[in-house]
Amino acid sequence: MPDCGAESILSAPRNSPRRDGKKARATHMVTISKADAGRTIELASDGKLEVRLAENPTTGYRWKIGQINEAVLASVTSRYAAESSLAGGGGTRTFEFRAVAPGRTNLMFQLSREWEAGGAGGEQFQITVEVK
């Protein structure tokens, strides 16, 4: 699939402090949100990708991975964090991925209700990930 002039985001090293006061080895983490839809994300071969999407599971709508090439990018975890303790309040679904091998993959997410066929009424979010 051609790039279509999509903007590219390059991963940047992020140091994590250790308990002994020394700097840990730099990791390459890119964090994106729905505002990055349609972009091409470049990851280093040791890179990690975090995708944060607003979700309100009390409505039945939940984000799930709809398309990924796991030979290029592996799904590590998916977690939900509520932003409020009020009933019916929304929060953020965070997906974490790690680069597996050089290549390119379309990464698509679908917001849908599990019991509705074909994800009727849901949204989609898609990016392209290129592992260097």
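Couple of notes before you dig in:
- 3J(HN,Hα) along the range 99-112, derived from phi through the Karplus expression 6.51 cos²θ - 1.76 cosθ + 1.60 where θ = phi - 60°, amounts to 5, 10, 7, x, x, 9, 9, 7, 10, 10, 10, 10, 9, 8 Hz, with x in place of Gly and Pro.
- Pair ASN106, GLN126: separation of 7 Å Cα→Cβ label points (nm): 0.4
- Residue exposure sequence - TYR80, TYR61 - by fewest surrounding Cβ within 10 Å: TYR80, TYR61
- Packing-based order for 66-76, 81-91, using average beta carbon neighbours within 10 Å, highest first: 66-76, 81-91
- Integer Hz, Karplus 6.51/-1.76/1.60 couplings in order for the range 58-65, x for Gly and Pro: 5, 7, x, 7, 9, 7, 9, 6
Values quoted throughout were computed directly from the atomic coordinates according to the rules given, and no laboratory measurement underlies them. Everything quoted here is computed from the prediction, not taken from an experiment. Here the Cβ is made from the backbone with ideal geometry for all residues, glycine too, and neighbour counts use every protein chain on show.
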